[in-house]
Each structure stands twice: as C-alpha cells, then as structure tokens.
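**Q** This is the structure I want to talk about, given as structure tokens.
Quick note: the coordinates plus some simple rules give every number you see, no bench work behind them. None of the values given here were measured: they were computed from a predicted structure. Heads up, the Cβs are rebuilt from the backbone with ideal geometry, glycines too, and the neighbour counts pull from every protein chain shown.
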Amino acid sequence: MAHPLYLTQDIMRIAHSLITSLILSVSTLATVGCATGNEDDFSETDDEASSSGKLSFWQASDGQWHFNLKSGNGAILLTSEAYKARTGAINGALSTLENGVDSAMYVVKPAAKGFVVNLKAANGEVITYSQVYATKSSATRAVTSSVKAVTSLLDKREAAAGARTEVLVGDSGQFRFNVFAKNGQIILSSEQYTTEAAAFNGAMAVQSEGQNASAYTLKQNTAGGFFFNVKALNGEVIGTSQQYTTKASATDAMASLQSLLKTLVVL
C-alpha cells in the first residue's frame, strides 16, 4: 500500500497538472482571440449594404482639387491625386466610375507598413488609391467594397427620377446638362460643352452659385414670355430656364430652383 504522503504528492501533481492545462487553454483562447487584432476593421455595416456609394469633391488650401469615393456608410475607400482645376477632378471621378465596376482594374500592392489598393484606367495610369491596410485580406475586402460603391452609385443615377441633374451628349458630340424639378420637368438647361467633365463642372457651378438670389436674372422674350438665367461669379451665364407665360410663374420657378439646389447632388 502506498504511503499516505506519496498519495498526497500524487494528488497534488495531478491537481497542478490540471491547473496548468487550464491556464494554457485560456492562454490559447486569448491568443486566438487577439490574432485579428492587427487586422483593419473593414466589415460591411448595414448602412453600407443599404446605401449607395458617394463621390465628394473638395479644394485644398493650395487651390488644387481632389475627390474621394466613399462607401454607403461614408467611409473613404479611394482618394484621387491633386488636380489644378475642378474639371480635372471631375474627369478623374468619371474615370473612377467607368473603371471601378471591374475588380480586375484594382491592384493590391505592398506598402511600407501594409498594403494599398490602386484603381487603374485602361491605359494603366493610377486614378485613385486607398489608405494603407495592415493586411492583404483587408485591402482585398476594400476592393470588393469599392466595386460595390461604384456599382450602387451608377445604379442610383440610372434609376434617378424627380429632382436631379443629367448630363447628355448630343448628335454633334457635345455635352449639356439639364436640371429637373421635383415633378420631373426640366427647369434649367445649359449651353454646349466639349467634354462631359466640363458639363458636370457647369452643373456644379449652378448647384453652388444658384443657391444665391443674386445669381438670377429675370428676362422677357420677344413673344412676351419670361425666363431667367443663372450666372457664375464672373458674370457668365451657366444655365437658362424654360419659358414661362407670366412673370409670376418665372419668379416662382427661380425661388423653387434656389431651394432645390441646396439638396441636389450633381455627381
């Protein structure tokens, strides 16, 4: 029969072994739980899944223009280079919409401290680039989110009705834009532009300048009807309304457009 002391020691060793195993198990679980700690939090939210992507333009303190592609929840996915003029930034944004629907146009590249995503045009030039992601998998998920943002934005524009801005190309190959009222009727039209980006730039000028009453000029045509022009800061006419039979109707349309432009998204 074993001595009681040895039995006690055996019991203690077994207990110690069990305690050690338990500690190791907890440590392993903690390690697994922290394995993704360095991963970027890039999971899709309900807002991103239900809302369309967005484009935003801004002018930096040095006067140059930039744009971002954002997800449905407002997170910045891609950022452009700097452009000297807003028309250049718009042209880059249009190229992003054209190429961003195809995942093959995205390149995931190693960076100094992670990975970045570049969106390229058909000629191989980089149009936009992403932030630096800690892991390649996060950067790859960003590609999926970028494609979804571009696709949903294009779908939203295609399905747009009511108040909106549309840029059209004519038989001559030149472009113009129309601004539609909430009832779907054209309330303002532009002159002809040689490029699509220039037409969108004109529409953006209307969107910004047309919120000011001082930008409007009411006129009477030779037939006795009325219309109004919207002018840029330099005095150039950037939009002309439809014809109205009475001065009151034209005045009401000016007030309606001024209010509408505060909420209108051009691109």
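**Q** Principal axes first, then extents: for the Cα atoms of segment 140-267, list largest minus smallest coordinate on each axis, whole Å, largest first.
**A** Cα spread of segment 140-267 along its principal axes, largest to smallest: 61, 30, 27 Å.
**Q** Filter the GluC sites (Glu not before Pro) in segment 178-261 down to the DSSP loop ones having no more than 15 other Cβ atoms within 10 Å, then list what survives.
**A** Within segment 178-261, the qualifying GluC sites (Glu not before Pro) (loop, at most 15 other Cβ atoms within 10 Å) are E191, E236.
**Q** Report the local net charge at A232: Lys and Arg +1, Asp and Glu -1, summed over other residues whose C-beta lies under 12 Å from its C-beta.
**A** -2
**Q** Still on this structure, please answer the following. Work out how much length Q185 to K136 would gain on full extension: take 0.36 nm times their residue separation and subtract the Cα-Cα distance, in nm to one decimal.
**A** That works out to 12.8 nm of additional length.
**Q** Calculate the FRET efficiency for T217 and Q192 from the Cβ-Cβ distance with a Förster distance of 22 Å, rounded to the nearest 0.05.
**A** E between T217 and Q192, to the nearest 0.05, is 0.60.
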